[in-house]
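Inspection log for the structure reproduced underneath, given as structure tokens.
The values are calculated or read from the model by the stated rules, or taken from the named source; none is laboratory data. The shown structure was predicted, so the numbers you read here are calculated from the model rather than taken from an experiment. So basically every Cβ, Gly included, is an ideal-geometry build from the backbone, and we count neighbours across all protein chains shown. Just so you know, the surface numbers come from the protein's heavy atoms only, side chains and all, with ligands and any DNA or RNA stripped out. Shrake-Rupley method; radii C 1.70, N 1.55, O 1.52, S 1.80 Å.
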Amino acid sequence: MTEKLSNAQIAWRAAQDIADGAYVNLGIGFPEMVAKFQPPGRQAVFHTENGVLGFGEAPAAGTEDWDLINAGKKAITLKPGASFFHHADSFAMVRGGHLDVAILGAYQVAETGDLANWSTGPKGVPAVGGAMDLVHGAKRVAVITDHVTKDGQPKLLERCTLPLTGVGCVTRVYSSLAVIDIEQGRFVLREKLAALSFETLQSLTGARLNLDGAPADLIVPEL
């Protein structure tokens, strides 16, 4: 397998595209790392489904207040001006289109923008959470993911084979190998690791990669 980005580097790259002042929901687990890498001079406002707007970094070990948690049950801190609200109000924010960005993990993404991220099939343990609301409520939906599964199978496909979270909802994928937009039902390569040939990347992708000019190098810091 070719060299690839770490999860932290993928999260860093995704964070670079979040505008100052954007209202952002981060999926449980890996996507939560995005909050650590906001560019200097920018401050997003992070939302969590269990009813907090404006939370900050995780507290130092031993200083947690377990009344302050995110939807993934991890301890959080509060930024000045943070607010609390009922779970139903939180989902009204999601369903009402008040979130600018949702960044989620994925099992599979289709070239049409379909997303599968809540069930691995009949033998898996389903975990819907708020994802089905987020993918059709947020103004922009991005995915961060390894480019392939643990056994080397593509996660970016012509069509998802796992149960769908949403249809035609994803517009950008930040993977361990590339940054890929979804436009008019096709994958468009925007950035790739410099050491990775287009042919190798295509062989690791389960649908055609389209070019709109030469892709930029995917450059991230050591983290």
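Tabulated values for the structure
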| item | result |
| --- | --- |
| Selection within the stretch 54-79 - farther than 16 Å from Pro31 by Cα, open to solvent by 40 Å² or more (accessible area, probe 1.4 Å) and in contact (Cβ under 8 Å) with a residue 12 or more places away in the chain | Thr77, Leu78, Lys79 |
| Single residue of the stretch 183-198 satisfying the filter (open to solvent by 50 Å² or more (accessible area, probe 1.4 Å) and assigned to a loop (DSSP other than H, G, I, E, B)) that is farthest from Lys150 (Cα to Cα) | Gln184 |
| Condition met for Thr112 (among the β-branched types (Val, Ile, Thr), over 30 Å from Glu158 (Cα atoms), in contact with a strand residue (DSSP E or B) (Cβ under 9 Å, 6 or more places away or on another chain) and open to solvent by 20 Å² or more (accessible area, probe 1.4 Å)) | no |
| Residue check for Glu32: touching a residue at least 40 places away in the same chain (Cβ under 8 Å) and either part of a helix (DSSP H, G or I) or on the phi > 0 side of the Ramachandran plot (or both) | yes |
| Top-ranked residue of the stretch 23-36 - restricted to ones that are modelled with pLDDT of 90 or more and of a type in the set (Val, Ile, Thr), ranked as surrounded by the most Cβ atoms within 10 Å (Cβ to Cβ) | Val34 |
| Odd one out for Thr145 among (1) out of contact with any His (no Cβ under 9 Å at 6 or more places or on another chain); (2) open to solvent by 70 Å² or more (accessible area, probe 1.4 Å) | (2) |
| Filter result for the condition that a residue is over 24 Å from Leu156 (Cβ atoms) and among the β-branched types (Val, Ile, Thr), over Ile10, Ile28, Ile69 | Ile69 |
| Set Ala102, Ala82: member being farther than 19 Å from Gly137 by Cβ, modelled with pLDDT of 95 or more and either assigned to a strand (DSSP E or B) or not hydroxyl-bearing (Ser, Thr, Tyr) (or both) | Ala82 |
| Residue within the stretch 93-105 that is open to solvent by less than 40 Å² (accessible area, probe 1.4 Å) and closer than 27 Å to Glu199 by Cα present | yes |
| Members of the stretch 199-223 that are within 19 Å of Gln153 (Cβ to Cβ), open to solvent by 50 Å² or more (accessible area, probe 1.4 Å) and part of a loop (DSSP other than H, G, I, E, B) | Arg208 |
| All positions within the stretch 12-22 that are in a helix (DSSP H, G or I) and either more than 18 Å from Ala216 (Cα to Cα) or open to solvent by 50 Å² or more (accessible area, probe 1.4 Å) (or both) | Trp12 |
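Condition check ((1) aliphatic (A, V, I, L, M); (2) open to solvent by 10 Å² or more (accessible area, probe 1.4 Å); (3) closer than 13 Å to Asn117 by Cβ; (4) not in a loop (DSSP other than H, G, I, E, B)) across all residues:
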{"residue": "Arg159", "(1), (2), (3), (4)": "no, yes, no, no"}
{"residue": "Leu162", "(1), (2), (3), (4)": "yes, yes, yes, no"}
{"residue": "Gly168", "(1), (2), (3), (4)": "no, yes, no, no"}
{"residue": "Asp181", "(1), (2), (3), (4)": "no, yes, no, yes"}
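Quick grid of which residues meet (1) of a type in the set (Asp, Glu); (2) at pLDDT below 95; (3) more than 25 Å from Gln16 (Cα to Cα); (4) touching a strand residue (DSSP E or B) at 6+ places or on another chain (Cβ under 8 Å):
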residue: Arg159; (1), (2), (3), (4): no, no, yes, yes
residue: Val173; (1), (2), (3), (4): no, no, no, yes
residue: Ala178; (1), (2), (3), (4): no, no, no, yes
residue: Ile182; (1), (2), (3), (4): no, no, no, yes
residue: Phe187; (1), (2), (3), (4): no, no, no, yes
residue: Glu191; (1), (2), (3), (4): yes, no, no, yes
residue: Phe198; (1), (2), (3), (4): no, no, no, yes
residue: Arg208; (1), (2), (3), (4): no, no, yes, yes
